[in-house]
Amino acid sequence: MDRNRNGEIQECKRCGKMFYFTGVGKCICPECKAEEEAEFEIVKNYIYEHISATIMQVSKETGVKISRIKSYLRDGRLIIPDGSLIFLNCEICGANIKFGRLCPACGDSLSSELKREMHIDEFQIGDKPKKSANCRMRFLERDNTLK
């Protein structure tokens, strides 16, 4: 094991195997992480190909547990496409949301309460980014020739 990193030996939360955890991300071993990433890709592709599928159908067809699918949605790794029968509810008000744990209104309200309780002024945080019509997620191209 590479002992030059800051971290410690931990037990994988999924398989119980001991591994060197760097303190970043979930406390799962590299093998379980690879398995989780493969499951995520299967679920993501299935949802976007079968927009009208329920979460139960997605689980049945992909073999991925419902709890794991919900965690991808709650973590914001998946966004429910328009027209899908899959939905999440805001943990505060119960409104339907496409990803995460809170609807925008409850998120803003919670953020304001935290700022007020922690005595944080707006000038300490900075301006809120503006949304533009051209705003969309972008990915960097990977150069597979470097190894």
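The values are calculated or read from the model by the stated rules, or taken from the named source; none is laboratory data. As the structure is a computational prediction, the values presented were derived from the model and not from experiment. Neighbour counts are summed over all protein chains in view; Cβ atoms, including those assigned to glycine, are modelled from backbone coordinates with ideal geometry.
Within the stretch 81-99, the set of residues being of a type in the set (D, E, K, R) and surrounded by 13 or more Cβ atoms within 10 Å (Cβ to Cβ) comprises E91, K98. Is at least one residue of the stretch 119-136 modelled with pLDDT under 80, over 27 Å from G25 (Cα atoms), basic (K, R) and part of a loop (DSSP other than H, G, I, E, B)? Within the stretch 119-136, one or more residues are modelled with pLDDT under 80, over 27 Å from G25 (Cα atoms), basic (K, R) and part of a loop (DSSP other than H, G, I, E, B). Scanning the stretch 49-80 for residues that are in a loop (DSSP other than H, G, I, E, B), more than 17 Å from the chain's Cα centre (by Cα) and exposed (fewer than 13 other Cβ atoms within 10 Å of the Cβ) yields S52, G63.
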